[in-house]
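**Q** I have a structure I would like to understand better, so I am pasting it below and will then ask my questions one at a time.
The values are calculated or read from the model by the stated rules, or taken from the named source; none is laboratory data. No experiment lies behind these values; they were computed from the predicted model shown. Cβ atoms come from the backbone with ideal geometry, glycine included; neighbour counts cover every protein chain shown. Heads up: the accessible areas ignore ligands, DNA and RNA and are worked out on the full protein's heavy atoms, side chains in. Shrake-Rupley method; radii C 1.70, N 1.55, O 1.52, S 1.80 Å.
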Amino acid sequence: MIPALVLTAGLATRLRPLSFVRAKAAVPVAGHPLIVRILRSLRAAGVTDAVLNLHHLPHTLGRVVGDGSDLDMRVRYSWENPVLGSAGGPRQALPLLGTPTFLIVNGDTLADVDVNALVAAHRQSGALVTMAAAANESPEKYGGIVVAADGTVTGFAKRGSTEPSYHFVGVQVAEAVAFASLAPGTPYESVGGVYPVLIRDQPGSVRAHVCSSEFLDIGTPDDYLRTSLLLSQREGTGAAQGSGTRVDATARVEDSVLWDDVEVGPGTMLKRCIVTDGTRVPEDTSWIGVTLRRADGQLAPGERRIGDLAICSI
């Protein structure tokens with residue numbers, strides 16, 4: 001199986017304030033860091049070699065993935081400063097990937113794409129890029145891929161467009177040559193720059209593999225909470241609580257996600273909340289629909305400081 005580049009370098013500004021605490025791909029989703037879920041899925045498909053690109057809070061990813069041996073994989077890291085984007089990142093990682101064909105997987109979503117079928121479709125077509133796509137059921141929220149009847153990508157629809165399109169679910173196969181001409185160490189975007197040029201200059205070089213993949217978003221705190229609770233319920237893991245977390249017997253926690261080393265005091269009530277690493281929630285307090293974290297740095301827009309806590313509505 002070809003290697004995979006997992007895009008994990010981004011700042012995750014839409015996920016703030018959660019992404020002030022961990023890199024987006026390191027946030028826990030129903031008991032497992034998102035990146036671990038992604039890598040396990042790739043390993044199940046036969047991928048044994050992966051590269052992660054790093055920039056924002058890289059230690060939060062490195063400490064849960066390491067060299068990949070716990071996942072029966074080899075994992076290496078491509079460092080970026082500044083963030084190089086969805087095309088500049090692959091260009092930077094080409095020497096590490098060391099192969100003409102590789103997977104590119106978004107590190108901020110979950111999708112159950114049949115990777116082997118995607119790779120087979122790519123090889124059969126001879127395309128430079130093949131993007132996994134599903135029905136775009138929320139065009140008001142997501143932009144889309146405009147696809148001809150033969151699977152050729154002819155363009156990209158912006159969010160809110162009424163043009164028929166498919167939703168890119170974050171997994172694609174690419175040829176190194178699609179990125180090789182880009183200047184190394186320079187930011188480039190794929191859908192926002194490189195791919196439209198390929199479509200114009202080499203019609204048929206960018207294709208869609210239409211599938212029925214489930215797509216679970218982690219984009220905003222609200223998306224993250226819904227996905228975490230859905231998977232907790234589906235997988236039967238119960239309350240979404242991290243390691244070292246302590247909840248007093250008199251506290252009440254409903255539909256909430258507690259990260260590692262959280263302490264919830266006596267008489268406290270949490271409902272539809274996200275509590276990040278190392279936060280101490282005071283006794284006899286009630287919180288509904290907010291993120292809670294230690295107030296130890298920059299505040300996100302809409303976030304406010306209350307004592308030792310930084311609070312933001314979800």
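**Q** What is the residue count in region 148-190 for residues that are among the acidic types (D, E), part of a loop (DSSP other than H, G, I, E, B) and out of contact with any Gly (no Cβ under 7 Å at 6 or more places or on another chain)? Walk me through it before giving the result.
**A** Let us first name the residues in region 148-190 that are among the acidic types (D, E), namely 150, 163, 175, 189.
When the remaining residues are screened for being part of a loop (DSSP other than H, G, I, E, B), the result is 150, 163, 189.
Filter once more, so that each one left must be out of contact with any Gly (no Cβ under 7 Å at 6 or more places or on another chain): 150, 163.
Selection size over region 148-190: 2.
**Q** In region 257-308, what count of residues is obtained for those that are of a type in the set (A, V, I, L, M), more than 22 Å from the chain's Cα centre (by Cα) and at pLDDT 95 or above? Before the answer, list the steps.
**A** If we filter region 257-308 for residues that are of a type in the set (A, V, I, L, M), which is where we start, we get 257-258, 262, 264, 269-270, 274-275, 281, 288, 290, 292, 295, 299-300, 306.
When the remaining residues are screened for being more than 22 Å from the chain's Cα centre (by Cα), the result is 262, 264, 269-270, 281, 288, 295, 299, 306.
If we keep only those that are at pLDDT 95 or above as well, we get 262, 264, 269-270, 281, 288.
Of the residues in that region, 6 qualify.
**Q** Name the single residue, out of those in region 269-302 being open to solvent by less than 60 Å² (accessible area, probe 1.4 Å) and of a type in the set (D, E, K, R), that is nearest to L15 (Cα to Cα).
**A** The residue in question is R293.
**Q** Continuing with this model, one more query. Out of all the residues in region 186-195, is one or more of a type outside the set (A, V, I, L, M, F, W, C) and on the phi > 0 side of the Ramachandran plot? Reasoning before the result, please.
**A** Just the residues of region 186-195 that are of a type outside the set (A, V, I, L, M, F, W, C), to begin with: 186-190, 192-193, 195.
Then keep just the ones that are on the phi > 0 side of the Ramachandran plot; that gives none.
No.
**Q** Of all residues in region 13-35, which are touching a Pro at 6+ places or on another chain (Cβ under 9 Å) and of a type in the set (A, V, I, L, M)?
**A** Passing the criteria: L15, L18, A23, A25, A26, V27, L34.
**Q** Mind checking which pairs have a first residue in region 277-294 that is of a type in the set (D, E, K, R) and a second that is at pLDDT 95 or above and assigned to a strand (DSSP E or B), Cβ under 6 Å, 6 or more apart or different chains?
**A** Close Cβ pairs satisfying both conditions: R280/E263; R293/A310.
**Q** Here is a further query. Inside region 29-44, can you point out the residues that are modelled with pLDDT of 95 or more and in contact with an Asp or Glu (Cβ under 8 Å, 6 or more places away or on another chain)?
**A** L34, S41, R43
**Q** Do you know which residues across region 135-147 are assigned to a strand (DSSP E or B), open to solvent by less than 50 Å² (accessible area, probe 1.4 Å) and closer than 19 Å to N106 by Cα? Walk me through how you get there before you give the answer.
**A** Within region 135-147, the first condition is being assigned to a strand (DSSP E or B), and the residues that meet it are 135, 144-147.
Now narrow it down to the ones that are open to solvent by less than 50 Å² (accessible area, probe 1.4 Å): 144-147.
Passing the criteria: G144, I145.
**Q** Of everything in region 197-222, what is among the β-branched types (V, I, T) and surrounded by fewer than 20 Cβ atoms within 10 Å (Cβ to Cβ)? Give them in sequence order. Walk me through it before giving the result.
**A** Initially, region 197-222 is screened for residues among the β-branched types (V, I, T), giving 197, 199, 206, 210, 218, 220.
Of everything in region 197-222, those that are among the β-branched types (V, I, T) and surrounded by fewer than 20 Cβ atoms within 10 Å (Cβ to Cβ) turn out to be V197, I199, V210, T220.
**Q** Hey, another quick one. Does S41 qualify as being polar (S, T, N, Q) and more than 19 Å from F102 (Cβ to Cβ)?
**A** Details: polar (S, T, N, Q): yes; more than 19 Å from F102 (Cβ to Cβ): no.
Answer is no for this residue.
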